[in-house]
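Novice: One structure, pasted below without further comment.
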Amino acid sequence: MTNAQLKEELIAYSKTIGIDKIGFASADPFLTLKERLRTQQQLGYQSGFEEEDIDLRTEPERLLPYAKTIISIALAYPAKLENPPKGVKGKRRGIFCRASWGEDYHRVLNDRLQKLETFIQKRVPNAKMASMVDTGALSDRAVAERAGIGWSGKNCAIITPEFGSYVYLGEMITTIALEPDIPIDDQCGSCNKCVDACPTDALIQGGQLDANKCIAFLTQTKEMIPERYRKKIGNRLYGCDTCQVVCPENKGKGEEYQPEFTPEPEKVKPELLPLLSISNREFKETYGNMAGSWRGKKPIQRNAIMALGHFREEGAVPQLQTMLMNDSRPVIRGTAAWSLGKIGTDDARETLQEVNESEEDPTVREEIQHALTMG
């Protein structure tokens with residue numbers, strides 16, 4: 001079998017196992033990306049979730065000796081929720097971003113990559129391969145761009161002609177030399193809608209992101225959310241879709257997707273109040289198979305507390321009072337204080353004044369005192 005025949009077989013096989021798009025790129029170093037990453041690092045725009053070693057992120061041979069090709073795959077996910085439950089007073093709801101709908105994409109993409117590895121190994125027994133999804137050192141986006149999966153949009157997402165930016169990405173480095181595909185020309189042109197619409201101005205310019213301002217990043221942190229971002233986060237529990245929703249290339253997209261990503265409306269748009277008292281076990285059983293659960297329940301609970309303050313949900317006051325007075329986690333107590341201040345009932349203010357006398361954590365005390373100044 002020639003390498004050209006192997007490539008054709010791989011393309012055909014990928015369609016039978018639920019890969020929506022496959023592309024092939026050389027394993028040469030990503031020199032332009034290396035410079036961009038250095039700039040990001042110098043400007044302090046990185047989130048801290050990335051691989052710190054820029055050489056590892058941009059030199060495939062460091063990850064797999066004698067690497068020749070990188071195979072990029074894309075799996076489409078949905079953009080619309082059928083019959084979404086509506087939040088009402090007393091039963092307010094939060095929202096998980098689309099990239100967390102259905103089964104955790106890490107598992108699904110790893111399954112597809114493993115099948116590709118097995119397929120290749122049977123045909124080329126001496127081939128070496130290394131697959132990764134999201135948490136690997138390589139930049140999924142840079143690989144997909146080079147492999148012709150799509151172009152890198154101003155919203156810092158890969159945009160495919162077929163599925164817009166509603167795709168998950170994964171890749172496999174291999175020692176087999178396969179003919180690379182041709183990258184797709186940038187189609188964003190003068191459009192700047194994603195940059196203009198970003199709620200926190202995290203998109204500094206087209207293609208450059210300050211991750212520390214990005215709501216998708218902020219909702220995953222475990223610390224207090226800076227005051228200036230709380231209102232902008234609204235009722236988001238995990239992630240943010242604004243830059244995708246406003247993208248003209250996504251209009252009419254998101255209806256074709258892999259079945260594993262079919263969302264359960266009650267899970268992706270859950271009631272907020274039950275999240276305040278959910279146990280670790282209940283959280284894992286309910287949300288453990290979703291990508292949005294990877295940081296545990298604390299960030300989701302904190303975000304739910306903020307969302308209740310955002311809605312000024314008076315029905316949440318008793319639970320928020322309990323959390324402020326009894327929760328062992330300062331971040332949760334501090335966020336509960338802020339939310340009580342936003343709701344602003346007499347009962348909420350009385351609790352804030354009472355706890356202000358006994359709270360020992362300086363950050364929480366500061367939040368309580370700030371909450372008491374809210375009108």
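Novice: So if the hydrodynamic radius of the range 241-375 is defined as the Kirkwood radius over C-alpha pairs, what does Stokes-Einstein give as its diffusion coefficient at 10 °C and 1.306 mPa s, in µm² per second?
Specialist: The Stokes-Einstein estimate is 96 µm²/s.
Novice: Can I ask one more? Given THR335, THR200, GLN321, which one lies farthest toward the positive end of the charge dipole of the range 193-371, if we put +1 on the Cβ of every Lys and Arg and -1 on the Cβ of every Asp and Glu?
Specialist: It is THR200.
Novice: Return the calculated 222 nm mean residue ellipticity for the chain, to the nearest 500 deg cm²/dmol, obtained by summing -39500 (n - 2.57) across DSSP H runs with n ≥ 4 and dividing by the residue count.
Specialist: Working: 18 runs with 159 residues, N = 375.
Computed mean residue ellipticity for the chain: -12000 deg cm²/dmol.
Novice: So how do ARG38, ARG230, ARG349 line up by other beta-carbon neighbours within 10 Å, fewest first? List each step's numbers first, then the result.
Specialist: Numbers: ARG38 12, ARG230 20, ARG349 16.
If I rank by nearby Cβ atoms, fewest first, I get ARG38, ARG349, ARG230.
Novice: Around LYS232, what is the net charge, scoring Lys/Arg as +1 and Asp/Glu as -1 over all other residues with Cβ under 12 Å from its Cβ?
Specialist: +3
Novice: Something else about it: Under the √(5λ) rule applied to the eigenvalues of the Cα gyration tensor, what semi-axes describe the equivalent ellipsoid of the range 3-174? Give them in Å, descending.
Specialist: 30, 23, 14
Novice: Related question: Give a quick list of GluC sites (Glu not before Pro) in the range 130-216 that DSSP marks as loop, anything other than H, G, I, E or B, with at most 16 other Cβ atoms within 10 Å. Show your work: numbers first, answer last.
Specialist: Values: sites: GLU145, GLU162, GLU171; in loops: GLU162.
Listed in order of number, the matching sites are GLU162.
Novice: Of all GluC sites (Glu not before Pro) in the range 273-375, which ones are in loop regions per DSSP and have a Cβ with at most 14 other Cβ atoms within 10 Å?
Specialist: Here the GluC sites (Glu not before Pro) that fit, given the DSSP loop and packing criteria, are GLU357, GLU360.
Novice: Towards the positive end of the charge dipole of the chain, with charges on Cβ (+1 Lys, Arg; -1 Asp, Glu), say which of TYR77, GLN187, VAL124 has the farthest Cα.
Specialist: Farthest towards the positive pole: TYR77.
Novice: Between ASN212 and ASP53, what's the calculated FRET efficiency when r is the beta-carbon distance and R0 is 22 Å? Round to 0.05.
Specialist: 0.65
Novice: What do you get for the angle between helix 317-326 and the principal long axis of the chain? Use alpha-carbon atoms, 0 to 90 degrees, nearest ten.
Specialist: 90 degrees
Novice: Pop a pseudo-label 7 angstrom from the Cα along the beta-carbon direction at both LYS222 and HIS370 and give the gap in nm to one decimal.
Specialist: That separation, rounded to one decimal, is 2.1 nm.
Novice: Which value, in debye to the nearest 20, describes the size of the charge dipole of the range 3-174 about its Cα centre when Lys and Arg Cβ atoms bear +1, Asp and Glu Cβ atoms bear -1, and nothing else is charged?
Specialist: 800 debye
Novice: Please go through the residue pairs LYS34/LYS297; LYS89/LYS269; LYS267/LYS298 and name each one whose alpha carbons sit more than 27 Å apart in this structure.
Specialist: Numbers: LYS34/LYS297 35 Å; LYS89/LYS269 15 Å; LYS267/LYS298 17 Å.
Distance filter (> 27 Å) returns LYS34/LYS297.
Novice: Provide Rg over Rh for the range 116-178; use the alpha carbon set for both Rg and the Kirkwood Rh (inverse mean inverse pair distance).
Specialist: The Rg/Rh ratio comes out at 1.04.
Novice: Tell me, in nm to one decimal, what length is gained between ILE11 and SER190 on full extension, where the rule is 0.36 nm per residue of separation less the Cα-Cα distance?
Specialist: 61.1 nm
Novice: Shape call for the range 1-103 from the C-alpha gyration tensor, a ≥ b ≥ c root eigenvalues: rounded (a/c under 1.5), prolate (a/b greater than b/c) or oblate?
Specialist: oblate
Novice: Using the basic label-point model (7 angstrom from Cα toward the beta carbon), what is the ASP361 to ASN3 distance in nanometres?
Specialist: The two pseudo-label positions are separated by 5.6 nm.
Novice: Once you measure Cβ to Cβ distances between cysteines in the chain, which Cys have no partner under 4.7 Å?
Specialist: CYS97, CYS156, CYS188, CYS191, CYS198, CYS214, CYS240, CYS247 - these cysteines have no disulfide-compatible partner (Cβ-Cβ under 4.7 Å) in the chain.
Novice: Antiparallel as a % of all DSSP beta bridges within the chain, to the nearest 5? Could you put the intermediate results ahead of the total?
Specialist: Details: 25 of 27 bridges.
Approximately 95 percent, going by the DSSP bridge assignments.
Novice: Given +1 on the Cβ of Lys and Arg, -1 on the Cβ of Asp and Glu, and no further charges, what dipole in debye does the chain carry about its Cα centre, rounded to the nearest 20? Kindly include the intermediate steps, with their values, before the conclusion.
Specialist: Working: 49 positive and 54 negative charges, 100 e Å.
Roughly 480 debye, rounded to the nearest 20.
Laboratory data are not the source of any read-out in this text; all were calculated from the coordinates shown. The shown structure was predicted, so the numbers you read here are calculated from the model rather than taken from an experiment. Positions of Cβ are backbone-derived with ideal geometry, glycine not excepted, and every protein chain shown enters the neighbour counts.
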